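Student: Take this structure first; my questions come after.
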Amino acid sequence: MARRTTGLRLGLYARVSTQEQQTLALQRDAMTAYAAQRGGAIVLAIEEVSSGAHERRQREVLMQAARRRTIDAIVVWRLDRWGRSLADLIGTLQELQRLGVGFISLSEALDLTTPVGRAMAGLLAIFAEFEREILRERVKAGIAQARRRGTRHGRPPIVGHYVEEVQRLAAAGLSKSAIAKRVGISRASVRRCLEVAMRLLS
């Protein structure tokens, strides 16, 4: 059954860099107008000013609300306001899909609360698997190259078991603490996994 886009509890997310703060009102107005048009209730509105492309600290507030199911859908003005990278975008959209929380990007007319939007989410899953396969192949190639050079890895056994999973979750934008909780290892082990991955991919 298709979900209704009317009557949804919406979380709004606007982000600007320190150099383009003039677009904040534009984003806010567009999302507020969309909510009014659809008859949605705005229960949470996050506005973030960041100094770098990889900073989305306040975005986690919306993700936590999604995990608690206090919102039905997240609305953004444009996809690049939400995703830090393609891997991060895909990872967060897949998590929202698993949670049953919709995602709407106004500029791209992307609405994952509709049947067409959910079909597009299926394509995103294919891209995500492609990304993971590339990562696995690069890690394997890095290990083989290190062995040919006679390089001793010297990493604790736990790191070898989780390096690929930790790298995937980090690429999806999760913090070290969130990764440690999800995988079931210490934060220090997460850091070592990321260090190993960086060495292998260099």
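Student: Does Q64 satisfy the criteria of being in a helix (DSSP H, G or I), in contact (Cβ under 8 Å) with a residue 12 or more places away in the chain and either among the polar types (S, T, N, Q) or at positive phi (or both)?
Tutor: no
Student: Take R118 and tell me if it is out of contact with any Lys or Arg (no Cβ under 7 Å at 6 or more places or on another chain), surrounded by fewer than 17 Cβ atoms within 10 Å (Cβ to Cβ), at pLDDT below 80 and not in a helix (DSSP H, G or I). Outline the logic, then answer.
Tutor: Details: out of contact with any Lys or Arg (no Cβ under 7 Å at 6 or more places or on another chain): yes; surrounded by fewer than 17 Cβ atoms within 10 Å (Cβ to Cβ): yes; at pLDDT below 80: yes; not in a helix (DSSP H, G or I): no.
Answer is no for this residue.
Student: Condition test on A141, is it within 21 Å of E165 (Cα to Cα), at pLDDT 70 or above and exposed (fewer than 14 other Cβ atoms within 10 Å of the Cβ)?
Tutor: So A141 passes the test.
Student: Same structure again: Specify the residue that is modelled with the lowest pLDDT; the eligible residues are those in the stretch 144-202 that are part of a loop (DSSP other than H, G, I, E, B) and of a type in the set (V, I, T).
Tutor: So, considering only residues that are part of a loop (DSSP other than H, G, I, E, B) and of a type in the set (V, I, T), the one modelled with the lowest pLDDT is T151.
Student: Then there is this: If we keep just the residues of the stretch 1-45 that are part of a helix (DSSP H, G or I) and modelled with pLDDT under 80, which is farthest from D88 (Cα to Cα)? First the steps, then the outcome.
Tutor: As a first pass, look at the stretch 1-45 and keep what is part of a helix (DSSP H, G or I): 21-38.
Next, only the ones that are modelled with pLDDT under 80 stay: 21-22.
Working: Q21: 23, Q22: 26 Å.
So the residue we want is Q22.
Student: Would you please list the contacts, defined by Cβ atoms under 8 Å and residues six or more apart or on different chains, that run from a residue in the stretch 171-182 that is assigned by TED's automatic domain parsing to the domain that holds I134 to a residue that is surrounded by 20 or more Cβ atoms within 10 Å (Cβ to Cβ) and polar (S, T, N, Q)?
Tutor: Sorted first by the residue in the stretch 171-182, then by its partner, the pairs are A172/T92; G173/T92; A180/S189.
Student: Taking into account only those residues within the stretch 80-100 that are assigned to a helix (DSSP H, G or I) and either touching an Asp or Glu at 6+ places or on another chain (Cβ under 6 Å) or polar (S, T, N, Q) (or both), which is surrounded by the fewest Cβ atoms within 10 Å (Cβ to Cβ)?
Tutor: Only one residue tops the list, namely Q94.
Student: Do you know which residues across the stretch 46-61 are touching a residue at least 40 places away in the same chain (Cβ under 8 Å) and either outside any loop (DSSP other than H, G, I, E, B) or among the small types (G, A, S) (or both)?
Tutor: Correct list: R59, E60.
The values are calculated or read from the model by the stated rules, or taken from the named source; none is laboratory data. Note that the structure is a prediction, hence the values are computed from the model and not measured. Glycine also receives a Cβ, built like all others from the backbone with ideal geometry; neighbour counts cover every protein chain displayed.
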